[in-house]
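This report concerns only the one structure given below.
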Amino acid sequence: MKRSTLFTGLILLAAASFEASAAGAERPNVLIIVADDLGFSDLGCYGGEIPTPNIDALATNGLRFTRFSNSARCCPSRASLLTGLHPAQAGIPNFAGSLNDQCVTFAEVLGGAGYSTYAVGKWHVGLGKALPTARGFAEFYGYPGGHSQDQWTPGNYQRLPADRAPEVAIDPDKFYATDAFTDYALEFIRQGETSKKPWLLYLAHSSPHFPLQAPAESVKPFLETYRRGWDVLREERFTRMKKIGLANHDGWSLSERSMVPLEENNAIANGYSGKQNPAWDSLPADRREDLAHRMAIYAAMVRHVDEGVGRIVAHLKSSGQFDNTLILFTSDNGACYEWGPFGFDGKSRTGNTTLHQGAALESMGGPDTHMAYGSAWANLCNTPFRNYKHHTHQGGIVSPLVVHWPAGVRSPGRWVKDPAHVMDVMPTLVSVTGATYPAERNGKRIQPVEGTSLAPTFQPGTDLPPRSIATQHEGSRAITRGDWKLVWADGLAENPVWELYHLTRDPCEINDLAPSNPDLVKSLSAEWNQWATRTGLANLKKRKNRNPNP
């Protein structure tokens with residue numbers, strides 16, 4: 001028997017053993033929490049300076065993944081997460097589309113296995129026949145369409161099915177969407193308890209995606225931290241990452257300030273023409289104060305997500321459900337650079353940066369404001385990686401993943417270094433719940449699941465089977481095979497070429513090895529093209545290459 005065949009056989013045996021033990025026990029509840037545009041190292045348990053004690057506690061008593069990848073942007077990642085397929089297979093190849101008839105969601109699969117199913121927050125994978133209540137979720141509260149909503153306006157959010165009376169009282173004078181999502185999450189968990197069945201809750205936060213908005217009292221504690229600037233804070237994050245065992249060898253290296261990607265149809269840079277994010281100390285004092293407020297609002301949004309996790313955990317403990325609830329916490333992509341180092345104010349792609357001064361600083365993040373924090377702070381959020389959301393360097397496609405399940409995870413507190421992907425969530429849930437992934441939906445054949453169950457990693461000493469993982473978004477491309485990664489940086493160079501990195505020796509993609517490994521570049525690029533053809537990407541119109549620094 002070949003070594004690879006033997007290895008795969010052992011993995012399958014371990015997974016089967018896990019499934020057998022899970023089948024003999026009470027089926028777990030499932031809570032999937034997705035933050036929006038959260039950077040790789042924003043959480044305290046990944047080295048960030050934002051206090052996230054509730055998520056950190058889950059990490060300390062669970063697992064943290066170091067190479068959990070996504071599909072570079074919100075709706076493609078969500079499509080892959082929900083279905084276990086690559087985004088184009090599910091109907092959302094880039095930033096538009098809708099879940100198609102050739103896929104099933106994990107709500108449809110677990111609902112068919114007797115689970116009560118609920119969703120809260122951001123949907124963004126289609127309307128009509130693709131609404132959450134048409135794709136397996138019995139109850140929903142949130143916003144089905146669009147990439148972001150004003151946090152202060154309760155009328156932006158819907159209760160589905162439409163005939164359902166709101167269970168949560170909404171006070172428009174105190175409404176803040178991130179907190180309202182937690183309120184509804186708790187309401188649906190209580191409904192799950194009443195149903196006397198195991199339950200699935202998909203809690204998809206819109207925080208900390210722009211518009212940056214948070215209660216003023218939540219923002220003020222962070223101002224002094226961010227007045228110190230991104231250069232100092234990146235160094236401090238990286239030091240903490242080494243201390244906690246994440247950046248655990250000399251190959252980890254803090255990348256330089258990332259480039260400033262520029263798009264063609266917005267007011268990007270707003271007076272800034274540098275090729276890279278600027279040094280913090282090079283900026284005038286009034287610009288630094290404006291930027292410190294922007295990042296403080298972002299941090300407050302993350303803190304509200306964490307406080308919501310704390311409320312949910314407290315309820316699960318009080319109701320006796322905590323030990324047998326599988327909790328996954330992740331983000332849909334890396335932190336967002338839009339649009340240049342100073343961010344923007346107003347509608348995305350058409351807004352201009354406003355320099356807030358004096359009394360105007362106090363209203364930042366409040367009602368009737370709409371702003372982003374920009375590429376330099378996003379570079380901090382993705383420490384120590386390069387680049388951002390939209391792109392396929394590690395800063396765009398690697399997210400934190402925290403797994404917590406006392407009844408199912410052995411030897412908690414471990415870092416899991418296996419390459420993994422959001423499409424692995426579906427087969428993981430099928431594995432641990434005893435559900436069956438169907439061959440058909442509504443009489444139509446569906447595509448076989450593409451992901452791999454992460455359940456073997458719940459036991460120490462078991463690795464996932466070797467595989468290649470490919471990614472694309474609007475012309476940006478990447479493929480990893482074992483230690484090697486090939487990446488095409490569309491939108492970051494006038495004439496991009498394939499870059500090659502050894503991710504074990506060089507996790508932060510500092511040393512491009514493509515010139516000295518032409519045969520490997522050829523092999524990996526051919527494999528990427530085969531994947532693109534197989535998954536329906538080959539005929540998509542590629543994004544026009546643009547000079548990011550004209």
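The values are calculated or read from the model by the stated rules, or taken from the named source; none is laboratory data. This structure is a prediction, so every number in the text was calculated from the model and none was measured. Cβ coordinates were reconstructed from backbone atoms using ideal geometry, including for glycine residues, and neighbour counts include every protein chain displayed. Surface areas here come from the heavy atoms of the whole protein model, side chains and all, with no ligands, DNA or RNA. Shrake-Rupley method; radii C 1.70, N 1.55, O 1.52, S 1.80 Å.
Quick notes on this structure:
- Pick from segment 246-261, criterion open to solvent by 20 Å² or more (accessible area, probe 1.4 Å) and among the hydrophobic types (A, V, I, L, M, F, W, C), ranking: farthest from residue 414 (Cα to Cα): 259
- Options 147, 86; residue that is touching a Cys at 6+ places or on another chain (Cβ under 7 Å), of a type outside the set (Gly, Ala, Ser) and either under 30 Å from residue 246 (Cβ atoms) or at pLDDT 95 or above (or both): 147
- Residues being assigned to a loop (DSSP other than H, G, I, E, B) and aliphatic (A, V, I, L, M) - total across segment 336-390: 3
- Of everything in segment 26-46 that is open to solvent by 10 Å² or more (accessible area, probe 1.4 Å) and not in a helix (DSSP H, G or I), the residue that is farthest from residue 111 (Cα to Cα) is 26.
- Contact map, segment 425-444: first residue more than 15 Å from residue 113 (Cα to Cα), second residue open to solvent by 30 Å² or more (accessible area, probe 1.4 Å), Cβ cut-off under 6 Å, separation 6 or more or different chains; pairs are 444/101.
- Selection from segment 133-156 of residues that are crowded, with 23+ Cβ neighbours inside 10 Å and in contact with a strand residue (DSSP E or B) (Cβ under 8 Å, 6 or more places away or on another chain): 137, 140, 141, 142
- Elements of the type helices (runs of 4 or more DSSP H) sitting completely within segment 188-245 and holding at least 3 residues that are of a type outside the set (Val, Ile, Thr), crowded, with 20+ Cβ neighbours inside 10 Å and touching a residue at least 12 places away in the same chain (Cβ under 8 Å): these cover 230-243.
- Number of the condition not met by residue 452 [criteria: (1) open to solvent by 10 Å² or more (accessible area, probe 1.4 Å); (2) touching a residue at least 40 places away in the same chain (Cβ under 8 Å); (3) of a type in the set (Val, Ile, Thr)]: (2)
- Search result, residues across segment 92-129 that are among the polar types (S, T, N, Q) and over 26 Å from residue 473 (Cα atoms): 116, 117
- If you go through segment 346-368 and keep only what is at pLDDT below 90 and open to solvent by 60 Å² or more (accessible area, probe 1.4 Å), you end up with 347, 349, 350, 352.
- Among residues that are among the hydrophobic types (A, V, I, L, M, F, W, C) and closer than 22 Å to residue 59 by Cβ, residue 223 is not included.
- Hits in segment 459-517 (condition: open to solvent by 20 Å² or more (accessible area, probe 1.4 Å) and β-branched (Val, Ile, Thr)): 462, 480, 497, 504, 510
- For segment 310-335, a residue qualifies if it is out of contact with any strand residue (DSSP E or B) (no Cβ under 8 Å at 6 or more places or on another chain), assigned to a loop (DSSP other than H, G, I, E, B) and open to solvent by 10 Å² or more (accessible area, probe 1.4 Å), and the qualifying residues are 319, 320.
- Annotation note: Cβ proximity below 7 Å between a residue of segment 112-132 that is at positive phi and open to solvent by 10 Å² or more (accessible area, probe 1.4 Å) and a residue that is modelled with pLDDT of 95 or more and assigned to a strand (DSSP E or B) (sequence gap 6+ or interchain) occurs for no pair.
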